[in-house]
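> Okay, handing you the structure first.
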């Protein structure tokens, strides 16, 4: 039985952004075992650590404030857990914070913010293109997986902002969301990724940590002050336990 549970925020940057979600899970499992943490495991013939990643990262996207939740069979301080994990972490995986949470709580992402540097010569008309896109009542995109279909992503697009870089502010629900690459394609910016620009997921908002984000009938920008802090602050590892 689990006796303790932590929510850990971490960064996945550099070459590690090319690590798939499945491989990231395996990396965390190795770290947990090498750190000799008393983690709770699943049942069955091949027990695995009981850990939950709030939202998987697309391949190639850097994560600046990702979330994983971990169950332990013994009570440890957050500082001890973070210290042991940090000692085993590969280059490109950095821990931002750790917080103890109730055993029955599982984080549900309600908002995600992506950002992409925009070259100076591509910025002139970008605010107008963002405004035109946000003014639409419907934004339809074609998706191929798991089967071909058309999806209206407008309910998931909270805001698009340009301030030297493009910030894509998306609502996330249990049944779906928009994808950052879909917005980049609609704005004519997909080629920037092909030429080496790095898309970053700068912030993840968890439902139990903030007020729910409701589906907007028009553009809604909520918690901008908190978001600005997440986008600009150089966060240091923090504990709350």
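The values are calculated or read from the model by the stated rules, or taken from the named source; none is laboratory data. Since the structure is predicted, the reported quantities are computational estimates derived from the model, not experimental observations. A quick note on method: Cβ atoms are made from the backbone with ideal geometry, for glycine too, and the neighbour counts reach across all protein chains shown.
> Which residues, taken from region 97-106, are part of a loop (DSSP other than H, G, I, E, B) and touching a residue at least 12 places away in the same chain (Cβ under 8 Å)?
The answer is 101, 102, 103, 105, 106.
> Also: Anything in region 108-130 that is touching a strand residue (DSSP E or B) at 6+ places or on another chain (Cβ under 6 Å) and either at pLDDT below 95 or assigned to a strand (DSSP E or B) (or both)? List them, or say none.
109, 110, 111, 112, 113, 114, 115, 116, 117
> So, of the residues in region 195-217 that are farther than 22 Å from residue 16 by Cα and modelled with pLDDT of 95 or more, which turns out to be surrounded by the most Cβ atoms within 10 Å (Cβ to Cβ)?
Among those that are farther than 22 Å from residue 16 by Cα and modelled with pLDDT of 95 or more, it is 205.
> Here is a list of conditions, (1) out of contact with any helix residue (DSSP H, G or I) (no Cβ under 9 Å at 6 or more places or on another chain); (2) under 16 Å from residue 70 (Cα atoms); (3) at pLDDT 95 or above, and residue 39 meets all of them except one; can you say which number that is?
Result: residue 39 passes all but (1).
> Can you say whether residue 103 is more than 19 Å from residue 60 (Cα to Cα), modelled with pLDDT under 95 and assigned by TED's automatic domain parsing to the domain that holds residue 57, as far as the supplied structure shows?
yes
> Looking for whichever is out of contact with any helix residue (DSSP H, G or I) (no Cβ under 7 Å at 6 or more places or on another chain), at pLDDT 50 or above and in the same structural domain as residue 153 (by TED's automatic domain parsing) here; the options are 192, 186. Which one fits?
Going through 192, 186 in turn, the sole match is 192.
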